[in-house]
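The values are calculated or read from the model by the stated rules, or taken from the named source; none is laboratory data. In this text the structure is predicted, and so the values were computed from the model without any measurement. All Cβ positions, glycine included, derive from the backbone under ideal geometry; neighbour counts span all protein chains shown. In case anyone asks, the SASA skips ligands and DNA or RNA and just uses the protein heavy atoms, side chains included. Shrake-Rupley method; radii C 1.70, N 1.55, O 1.52, S 1.80 Å.
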Amino acid sequence: MSHEIELIFDSSVSQDVQNCLRGFLRNMCDSAVTALQRQFQDYELDACHNLQGHHSAAYLIQADYSVTNIRIQCLSIHRSKLAISYGPQLKAQLQSLGSFKVAAQWHYQVMWGPQDKGDAEADVNDLSFDLDASLATEPPSFHVNAVQCTVGSVEFKFHGGALSAIYELFSHIISSKIKETLNSKLQEEASKLLQKYGMTSNSEEMHTKAP
């Protein structure tokens, strides 16, 4: 799916500044999105993000569960909107919207009873990256001040094994916990990429300068 970029210049931004920044901002945005998508084509979260928990139900006295090998796959940014204004310095607000898939493995152990395992997957269709940045024109540069990642609803489906239906009974609990983990990890990795490409104050060199 192609990446659509919408540039919105406030009336306070002169035509000369718009002409100076237009091509630079499109190239910068395309580069950042390409790097982000490449990073999360098939990204496995560290083992520290594995989930372990305990579940009780009327017909299952005690049971332990785990969700491991959590992977972010096929992240795609569909649309980016970049708004540029003065206030009082030249600044930009970037919002990128996209989607991705999550895959994992589950294990279930009923105390004094059976155990089972299988696969789990989820489609996440409401992913958002929001950046606040400062701009300069001589030469054109883009400096990120803050980045925030928001993951929308995550609804897991569990497959394989006779007990996969049991997981569905409390999938909302697992989905909520994994959503928090995904939010944190995506924001962390996005910040690292911005630093790597010289777009934050922690970088030694600005790599997104216009040619």
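Within 10 Å, Cβ to Cβ, of Leu94, how many net charges do the neighbouring residues add up to if Lys/Arg are +1 and Asp/Glu are -1?
So the environment of Leu94 carries a net charge of -1.
Go through (1) 1.28; (2) 1.54; (3) 1.69 and flag the label whose value is the computed Cα Rg over 2.2 N^0.38 Å for this structure.
Checking each listed value against the structure points to (1).
Only bridges whose two residues both fall in the chain count here: according to DSSP, what percent of them are antiparallel, nearest 5? Don't jump to the answer; show the numbers that get you there.
Working: 60 of 66 bridges.
Just about 90 percent of them are antiparallel.
For segment 1-99, just the Cα set please: Rg and Dmax, both in angstrom.
21.7, 71
With contacts defined as alpha carbon pairs under 8 Å and 6 or more residues apart, what's the relative contact order of segment 1-94 in percent?
Relative contact order, segment 1-94: 41 percent.
Whose amide H sits under 5 Å from the amide H of Ala63, counting only residues 5 or more places off or on another chain, with H placed in the peptide plane?
Amide H to amide H, under 5 Å and 5 or more residues apart or across chains, Ala63 pairs with His55, Met111.
For segment 83-187, calculate the relative contact order in percent as a whole number, restricting contacts to Cα pairs under 8 Å that are 6 or more residues apart. Please report the intermediate quantities before stating the final value.
Values: 191 pairs, mean separation 25.2, N = 105.
24 percent.
Mind listing the phi-derived Karplus ³J(HN,Hα) values for segment 66-77, rounded to whole Hz, using 6.51, -1.76 and 1.60 with θ = phi - 60°, and x for any glycine or proline?
Running phi through 6.51 cos²θ - 1.76 cosθ + 1.60 with θ = phi - 60° gives 8, 10, 10, 6, 6, 10, 9, 10, 6, 5, 9, 9 Hz.
Take every Cα pair under 8 Å in the chain that's 6+ residues apart, average their separations, divide by the length, and report that relative contact order as a whole percent. Don't skip to the end; give the middle numbers.
Numbers: 421 pairs, mean separation 35.6, N = 211.
Taking the mean separation of contacting Cα pairs over the length of the chain, I get 17 percent.
Summing +1 for each Lys or Arg and -1 for each Asp or Glu, what net charge is found among the other residues whose Cβ lies under 11 Å from the Cβ of Cys149? Write out the running numbers ahead of the final one.
On the way: positive: Lys185; negative: Asp130, Glu188, Glu189.
Value of the local net charge: -2.
What shape does segment 47-98 take by its C-alpha gyration tensor, where a ≥ b ≥ c are the square roots of the eigenvalues and a/c under 1.5 counts as rounded, a/b above b/c as prolate, and the rest as oblate? List each step's numbers first, then the result.
Details: a/c = 3.99, a/b = 3.11, b/c = 1.28.
Prolate, since a/c reaches 1.5 and a/b exceeds b/c.
Once you've got the Cα coordinates, tell me which of Lys91/Lys179; Lys81/Lys192; Lys81/Lys196; Lys81/Lys101; Lys157/Lys192 are over 29 Å apart. The partial results should precede the final answer.
Numbers: Lys91/Lys179 31 Å; Lys81/Lys192 21 Å; Lys81/Lys196 22 Å; Lys81/Lys101 23 Å; Lys157/Lys192 31 Å.
Beyond 29 Å between Cα atoms: Lys91/Lys179; Lys157/Lys192.
Collect residues whose amide H, placed 1.01 Å from N in the peptide plane, falls under 5 Å from the amide H of His3; neighbours closer than 5 in sequence don't count.
Placed amide hydrogens put nothing under 5 Å from His3.
Determine the distance separating the Cα centre of segment 111-144 from the Cα centre of segment 19-72; give it in Å without decimals.
When both Cα centres are located, 6 Å separates them.
Using the Cα atoms of segment 48-135 to build a convex hull, what is its mean projected area in square nanometres?
For the Cα atoms of segment 48-135, the hull's average projected area reads 9.0 nm².
With all protein chains present, how much of the accessible area of the chain (probe radius 1.4 Å) comes from carbon and sulfur, to the nearest whole percent?
Details: 5300 of 11110 Å².
C and S atoms contribute 48 percent here.
Output wanted: per-residue J couplings in Hz (rounded whole) for segment 126-141, from phi through Karplus 6.51 cos²θ - 1.76 cosθ + 1.60, θ = phi - 60°, x for Gly and Pro.
Ordered by residue, 3J(HN,Hα) equals 10, 9, 9, 10, 10, 10, 10, 9, 9, 10, 9, 10, 10, x, x, 8 Hz.
Add +1 for every Lys or Arg and -1 for every Asp or Glu among the other residues with Cβ under 14 Å from the Cβ of Ser85, and state the total. Don't skip to the answer; put the middle values down first.
Numbers: positive: Lys81, Lys91; negative: Asp10, Asp132.
Local net charge: 0.
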